[in-house]
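For reference, the structure discussed in these notes is given below.
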Amino acid sequence: MKKFAMALLLLLCTLPAAAQSRSEMTGAEIKRLDTFFSNFSETALPSFKAGQLADAVLLVFALQPATKNNLKAVRHAGDWAYVPAALVDQVTEKYFGIKIRKQAQAEYKLPEASGEAYTFSQIAKLTPSGDLFIAEGLIYTASSGFDGDTHADPSVWKKAGEEVNCYWTFTATIRRQGDRYILVDYQKQDR
(Lines give C-alpha, C1' and ligand atoms only; values in the text may rest on other atoms or scores of the structure.)
Protein backbone atom coordinates (compact mmCIF):
# COMPACT_ATOMS: atom_id res chain seq x y z
CA MET A 1 0.00 0.00 0.00
CA LYS A 2 2.85 2.38 0.82
CA LYS A 3 4.43 1.75 -2.59
CA PHE A 4 1.13 2.49 -4.33
CA ALA A 5 0.65 5.72 -2.36
CA MET A 6 4.21 6.80 -3.12
CA ALA A 7 3.80 6.02 -6.85
CA LEU A 8 0.52 7.98 -6.93
CA LEU A 9 2.16 10.93 -5.21
CA LEU A 10 5.06 10.89 -7.70
CA LEU A 11 2.60 10.76 -10.61
CA LEU A 12 0.65 13.72 -9.27
CA CYS A 13 3.85 15.72 -8.81
CA THR A 14 4.87 15.18 -12.44
CA LEU A 15 1.52 16.19 -13.96
CA PRO A 16 1.55 19.69 -15.39
CA ALA A 17 -0.16 22.31 -13.26
CA ALA A 18 -3.33 23.80 -14.68
CA ALA A 19 -3.46 27.13 -16.39
CA GLN A 20 -4.54 30.06 -14.27
CA SER A 21 -6.83 32.73 -15.63
CA ARG A 22 -6.58 36.28 -14.31
CA SER A 23 -9.55 35.69 -11.99
CA GLU A 24 -7.70 32.74 -10.38
CA MET A 25 -4.48 34.65 -9.66
CA THR A 26 -3.73 36.57 -6.49
CA GLY A 27 -3.70 40.37 -6.62
CA ALA A 28 0.06 40.35 -6.04
CA GLU A 29 0.64 37.93 -8.95
CA ILE A 30 -1.52 40.04 -11.25
CA LYS A 31 0.31 43.26 -10.38
CA ARG A 32 3.71 41.63 -10.74
CA LEU A 33 2.95 40.09 -14.15
CA ASP A 34 1.08 43.18 -15.43
CA THR A 35 4.08 45.33 -14.49
CA PHE A 36 6.56 42.87 -16.02
CA PHE A 37 4.74 42.76 -19.36
CA SER A 38 4.01 46.51 -19.35
CA ASN A 39 7.75 47.10 -19.62
CA PHE A 40 7.62 45.48 -23.06
CA SER A 41 4.44 47.14 -24.29
CA GLU A 42 5.66 50.61 -23.16
CA THR A 43 8.67 50.23 -25.44
CA ALA A 44 6.71 48.64 -28.32
CA LEU A 45 8.94 45.56 -28.18
CA PRO A 46 8.56 43.71 -31.49
CA SER A 47 7.80 40.00 -31.65
CA PHE A 48 10.78 37.66 -31.44
CA LYS A 49 11.48 33.95 -31.13
CA ALA A 50 13.69 32.38 -28.47
CA GLY A 51 17.36 32.99 -29.22
CA GLN A 52 16.62 35.48 -32.02
CA LEU A 53 16.66 38.81 -30.21
CA ALA A 54 18.87 41.31 -32.06
CA ASP A 55 21.24 43.64 -30.20
CA ALA A 56 19.52 46.68 -31.77
CA VAL A 57 16.16 45.58 -30.34
CA LEU A 58 17.74 44.97 -26.92
CA LEU A 59 19.25 48.47 -26.98
CA VAL A 60 16.01 50.23 -27.96
CA PHE A 61 14.18 48.32 -25.23
CA ALA A 62 16.77 48.94 -22.50
CA LEU A 63 16.99 52.71 -22.91
CA GLN A 64 13.47 53.46 -21.67
CA PRO A 65 13.50 51.38 -18.45
CA ALA A 66 17.05 52.60 -17.81
CA THR A 67 15.99 56.27 -17.90
CA LYS A 68 12.71 55.66 -16.08
CA ASN A 69 13.93 53.45 -13.24
CA ASN A 70 17.56 54.49 -12.68
CA LEU A 71 17.50 58.26 -12.37
CA LYS A 72 20.78 58.45 -10.43
CA ALA A 73 22.72 56.33 -12.93
CA VAL A 74 21.57 58.37 -15.94
CA ARG A 75 23.11 61.76 -16.69
CA HIS A 76 20.62 64.45 -17.71
CA ALA A 77 21.64 67.56 -19.63
CA GLY A 78 19.08 69.89 -21.14
CA ASP A 79 16.55 67.85 -23.10
CA TRP A 80 18.84 64.82 -23.27
CA ALA A 81 19.49 61.74 -21.18
CA TYR A 82 22.82 59.88 -21.34
CA VAL A 83 22.60 56.19 -20.45
CA PRO A 84 25.82 54.29 -19.64
CA ALA A 85 26.38 51.05 -21.58
CA ALA A 86 26.81 49.21 -18.26
CA LEU A 87 23.27 50.22 -17.28
CA VAL A 88 21.95 48.98 -20.63
CA ASP A 89 23.55 45.60 -19.85
CA GLN A 90 21.95 45.55 -16.37
CA VAL A 91 18.52 46.14 -17.89
CA THR A 92 18.85 43.53 -20.64
CA GLU A 93 20.14 40.96 -18.14
CA LYS A 94 17.25 41.69 -15.79
CA TYR A 95 14.52 41.26 -18.41
CA PHE A 96 16.06 38.86 -20.95
CA GLY A 97 18.90 37.11 -19.10
CA ILE A 98 21.45 38.31 -21.71
CA LYS A 99 23.67 41.29 -22.49
CA ILE A 100 24.23 43.09 -25.77
CA ARG A 101 27.05 41.23 -27.50
CA LYS A 102 29.08 44.35 -28.35
CA GLN A 103 28.25 47.82 -27.10
CA ALA A 104 28.67 50.45 -29.83
CA GLN A 105 29.25 53.29 -27.35
CA ALA A 106 30.21 53.90 -23.73
CA GLU A 107 26.94 55.81 -23.26
CA TYR A 108 23.82 56.42 -25.34
CA LYS A 109 22.18 59.81 -25.88
CA LEU A 110 18.41 60.03 -26.21
CA PRO A 111 15.80 62.77 -25.89
CA GLU A 112 13.93 63.07 -22.60
CA ALA A 113 10.42 61.57 -22.69
CA SER A 114 7.54 63.56 -24.11
CA GLY A 115 3.76 63.27 -23.80
CA GLU A 116 3.19 60.13 -25.83
CA ALA A 117 0.27 57.73 -25.45
CA TYR A 118 0.40 55.53 -22.36
CA THR A 119 0.66 51.83 -23.18
CA PHE A 120 0.46 48.98 -20.66
CA SER A 121 -0.29 45.26 -20.46
CA GLN A 122 -2.49 42.98 -18.43
CA ILE A 123 -1.95 39.26 -17.94
CA ALA A 124 -4.97 37.15 -18.95
CA LYS A 125 -3.70 33.59 -18.52
CA LEU A 126 -0.57 31.82 -17.26
CA THR A 127 0.12 28.17 -18.10
CA PRO A 128 3.05 26.15 -16.74
CA SER A 129 5.04 24.32 -19.41
CA GLY A 130 7.91 22.36 -17.88
CA ASP A 131 10.26 24.88 -16.26
CA LEU A 132 8.71 27.70 -18.31
CA PHE A 133 5.36 29.49 -18.37
CA ILE A 134 3.24 30.49 -21.33
CA ALA A 135 1.64 33.88 -20.70
CA GLU A 136 -1.23 35.39 -22.64
CA GLY A 137 -2.39 38.95 -22.24
CA LEU A 138 -3.76 42.19 -23.61
CA ILE A 139 -1.99 45.43 -24.51
CA TYR A 140 -3.90 48.65 -23.85
CA THR A 141 -3.32 52.24 -24.95
CA ALA A 142 -4.62 55.33 -23.15
CA SER A 143 -3.87 59.05 -23.36
CA SER A 144 -0.60 60.36 -21.93
CA GLY A 145 -2.57 61.84 -19.02
CA PHE A 146 -4.10 58.50 -17.98
CA ASP A 147 -3.97 58.10 -14.22
CA GLY A 148 -6.33 55.15 -13.78
CA ASP A 149 -5.43 51.81 -12.22
CA THR A 150 -3.64 49.79 -14.92
CA HIS A 151 -4.55 46.57 -13.07
CA ALA A 152 -8.30 47.33 -13.00
CA ASP A 153 -11.00 45.76 -15.10
CA PRO A 154 -11.80 47.77 -18.27
CA SER A 155 -15.31 48.40 -16.89
CA VAL A 156 -13.71 50.52 -14.15
CA TRP A 157 -11.98 52.73 -16.74
CA LYS A 158 -15.18 53.08 -18.74
CA LYS A 159 -17.16 54.06 -15.63
CA ALA A 160 -14.50 56.70 -14.81
CA GLY A 161 -14.77 58.13 -18.33
CA GLU A 162 -11.23 57.04 -19.29
CA GLU A 163 -10.68 56.20 -22.95
CA VAL A 164 -8.59 53.03 -22.99
CA ASN A 165 -8.35 50.84 -26.09
CA CYS A 166 -7.03 47.35 -26.64
CA TYR A 167 -5.39 47.00 -30.05
CA TRP A 168 -3.07 44.05 -29.43
CA THR A 169 -2.71 40.76 -27.60
CA PHE A 170 0.50 38.97 -26.70
CA THR A 171 1.71 35.45 -26.08
CA ALA A 172 5.04 35.04 -24.35
CA THR A 173 7.24 32.37 -22.85
CA ILE A 174 8.81 33.32 -19.53
CA ARG A 175 11.15 31.62 -17.08
CA ARG A 176 11.05 32.24 -13.36
CA GLN A 177 14.51 33.10 -12.06
CA GLY A 178 14.46 33.58 -8.31
CA ASP A 179 11.97 36.32 -7.53
CA ARG A 180 11.75 37.65 -11.10
CA TYR A 181 10.89 36.57 -14.62
CA ILE A 182 13.00 36.37 -17.78
CA LEU A 183 11.36 36.87 -21.19
CA VAL A 184 12.25 33.99 -23.54
CA ASP A 185 10.05 34.80 -26.53
CA TYR A 186 7.30 37.29 -27.31
CA GLN A 187 4.61 37.37 -29.97
CA LYS A 188 2.43 40.46 -30.38
CA GLN A 189 -0.73 40.19 -32.48
CA ASP A 190 -3.32 42.72 -33.69
CA ARG A 191 -6.61 42.28 -31.94
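The values are calculated or read from the model by the stated rules, or taken from the named source; none is laboratory data. Computed from a prediction, not measured in an experiment: that's the story for all the values here. Positions of Cβ are generated from backbone atoms using ideal geometry, with glycine treated the same way; all protein chains shown enter the neighbour counts.
Observations
- ALA81 closer than 30 Å to GLU136 by Cβ, at pLDDT below 95 and of a type outside the set (Asp, Glu): no
- Selection from segment 25-34 of residues that are in contact with a strand residue (DSSP E or B) (Cβ under 9 Å, 6 or more places away or on another chain) and assigned to a helix (DSSP H, G or I): GLU29, ILE30, ARG32, LEU33, ASP34
- Elements of type strands (runs of 3 or more DSSP E) in segment 67-166, at least 2 residues being β-branched (Val, Ile, Thr) and out of contact with any helix residue (DSSP H, G or I) (no Cβ under 7 Å at 6 or more places or on another chain): 132-142
- Contacts under 6 angstrom Cβ, first residue in segment 42-55 being touching a residue at least 12 places away in the same chain (Cβ under 8 Å) and of a type in the set (Val, Ile, Thr), partner outside any loop (DSSP other than H, G, I, E, B) and surrounded by 15 or more Cβ atoms within 10 Å (Cβ to Cβ), 6 or more apart: THR43/PHE61; THR43/GLN64
- Whichever residue in segment 86-115 is in contact with an Asp or Glu (Cβ under 9 Å, 6 or more places away or on another chain) and more than 27 Å from ARG32 (Cα to Cα) and, among such residues, is surrounded by the most Cβ atoms within 10 Å (Cβ to Cβ): GLN103
- Residue list for segment 168-191, filter: loosely packed, with under 12 Cβ neighbours inside 10 Å, part of a strand (DSSP E or B) and acidic (Asp, Glu): ASP190
- Annotation: of all residues in segment 16-50 being charged (D, E, K, R) and within 19 Å of ASP179 (Cα to Cα), the one that is surrounded by the most Cβ atoms within 10 Å (Cβ to Cβ) is ASP34.
- Subset of segment 149-167 (residues that are without any contact (Cβ under 8 Å) to a residue 60 or more places away in the chain and surrounded by 17 or more Cβ atoms within 10 Å (Cβ to Cβ)): TRP157, GLU162, VAL164
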